[in-house]
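In what follows, a structure is listed as structure tokens, so that the remarks can point back to it.
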Amino acid sequence: MAALVAALRWNRSGRNKELNMNLAQFREKTLYHGLSLGAVSLVAGLALALTDNTTHAAIRAAEARDLQLSLVQVLPAGFADNDLLKDQTSIKREDGSAVVVYRARLQGQIKGAVFQVGERGYAGEVAVLMGVDYAGNILGVRVVKHGETPGLGDKIDAAKSRWILDFDGKSLGDPTPEKWAVKKDGGQFDQFAGATVTPRAVVKAVKGGLVFYAAHREEIFAK
Amino acid sequence: MKYIDIWKDGIWRNNVVFSQILGMCPTMAVTTTGTSGLGMGLATTAVLVVANMMVSSVRHWVSQQVRIPVYIVLIATLVTVVDLMLNAYLHDLYKVLGMYIALIVANCSVLGRAEAFAAREPVLASGLDGLAMGLGFTGALTLIGLIRELIGGGTLFAQASLLLGPSFAFLELKVIPNYGGLLLMILPPGGFLVLGLLLAGKRQLAKMRQSASGSTPAATVSVHC
């Protein structure tokens, strides 16, 4: 009986050793490299898909919340009483791109609009959200997305500097078109020491937004 | 390797920035203020800990030939998952840290630690190595950021409350009032200047210690990527 157990045990360990030998050899084969890398990629891909799937709704909700908060920032308190996120329309610009416009109403009356425009900054696009009243006067401007240099160009961010508030109350006629530029270019808006490209992009974007609004006002409120 | 050695290596002796000279891209790019350096450092630390533990736990069945691509897939996946999770569930923190997270994939100190440490050591030690290296990196970035910020703008930890919450507003100091700022320090040359001087300082310190004790310091590990 004891001999049988011993024999079995020997047999098993022998088989294991053989298996280990085969595995060690197999690990040196190209097939194993491919398979293991493939397996890792498969697991990684699954993890990414799963994460994207579970976080997608939450990210959408968070972005909508952000947008809602920004919309409120570029309009004075009590300016509108409708849900701007639901009252939106898409307008085609001359260059073919589409601009989403949120319409502000107070007791059903058209009051103004909020929309996002962009311009190339120092590091990628600077996205600007601006609110205008029906006549085309700026109610508020906020930079909602940028990749400008921290400590230099990021003064366009309302959290870091009050610079962006300079646009409040301006319109296409005030200042005059040639003054719609940074001071370095003969305009009336401040640039920052060491960062002219960034404020220049913002000024250009805001001016472009006003031109866009003036050209499409009827269309925006027609629908 | 003793845990205390892992700890000392990461924080000082084999510091990612000052000894290994790794992760130079974030070291130069985001150290314009102490706060930015701190944010980048902390985000990198979190990734280093988890990436090291992941690499360590698969070390027995990943063969030599494909180990680098496997590590890269693991690290990139980890960073992307963290990015998505933060964006979804800690959105306010994400808005502050978001721009650093994508940069971590390109930080070769993460791959460097996977290759130099986690590929041969047990999971727990690898996690500790990640933590120590990460904190050493954080310290270096914060120090460089503070120096550049102080000379460049006369402040310390500007906008720290945006990163750490309003309760940390006391960190924000305006050291030199009515100071125009030395722009050069905020611009890229400032990064090179400060890093160069700090490296020279560390070298000098090691030299002085060496001549004091008569022993040769451990050779610096250099992995280039």
Open item on the list: Within the range A:39-53, does at least one residue satisfy the condition of being open to solvent by 90 Å² or more (accessible area, probe 1.4 Å) and more than 27 Å from B:Val81 (Cβ to Cβ)?
Closed with: no
Open item on the list: With the structure loaded, tell me whether B:Arg67 is part of a helix (DSSP H, G or I), open to solvent by 40 Å² or more (accessible area, probe 1.4 Å), more than 22 Å from B:Arg148 (Cβ to Cβ) and among the charged types (D, E, K, R) or whether it fails that test.
Closed with: yes
Open item on the list: Quick test for you: out of B:His60, B:His91, pick the one residue that is surrounded by fewer than 19 Cβ atoms within 10 Å (Cβ to Cβ) and within 9 Å of chain A (Cβ to nearest Cβ).
Closed with: B:His91
- [ ] Report the residue count in the range A:54-65 for those that are surrounded by 14 or more Cβ atoms within 10 Å (Cβ to Cβ) and touching a residue at least 12 places away in the same chain (Cβ under 8 Å).
- [x] 0
Task: Restricting the range A:67-93 to residues that are in contact (Cβ under 8 Å) with a residue 12 or more places away in the chain and among the charged types (D, E, K, R), the residue that is least open to solvent (accessible area, probe 1.4 Å) - done: A:Asp87
TODO: Pull up the range A:121-153, narrow it to residues that are free of Cβ contacts under 8 Å to residues at least 24 places away in the same chain and not in a strand (DSSP E or B), then point me to the one that is farthest from the other protein chains (Cβ to nearest Cβ).
DONE: A:Gly124
Task: Residues of the range B:130-151 satisfying the condition of being buried (at least 24 other Cβ atoms within 10 Å of the Cβ) and more than 13 Å from the chain's Cα centre (by Cα) - done: B:Arg148, B:Glu149
Task: Residues within the range B:113-127 that are crowded, with 22+ Cβ neighbours inside 10 Å and of a type in the set (A, V, I, L, M), tallied - done: 2
TODO: State whether the residues of the range B:153-174 include one that is more than 12 Å from every other protein chain (Cβ to nearest Cβ), hydrophobic (A, V, I, L, M, F, W, C), within 24 Å of A:Ala193 (Cβ to Cβ) and without any contact (Cβ under 8 Å) to a residue 24 or more places away in the chain.
DONE: yes
Open item on the list: For the structure I just gave you, tell me whether B:Val55 is modelled with pLDDT of 90 or more, among the hydrophobic types (A, V, I, L, M, F, W, C) and under 16 Å from B:Val105 (Cα atoms).
Closed with: yes
Open item on the list: I need a count of the residues in the range B:180-197 that are in contact (Cβ under 8 Å) with a residue 24 or more places away in the chain, open to solvent by less than 40 Å² (accessible area, probe 1.4 Å) and not β-branched (Val, Ile, Thr).
Closed with: 5
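The values are calculated or read from the model by the stated rules, or taken from the named source; none is laboratory data. Computed from a predicted structure; not experimentally measured. Don't worry about glycine lacking a Cβ; one is built from the backbone with ideal geometry, like all the others, and counts go over all protein chains shown. Protein only, heavy atoms only, side chains kept; ligands, DNA and RNA dropped before computing areas. Shrake-Rupley method; radii C 1.70, N 1.55, O 1.52, S 1.80 Å.
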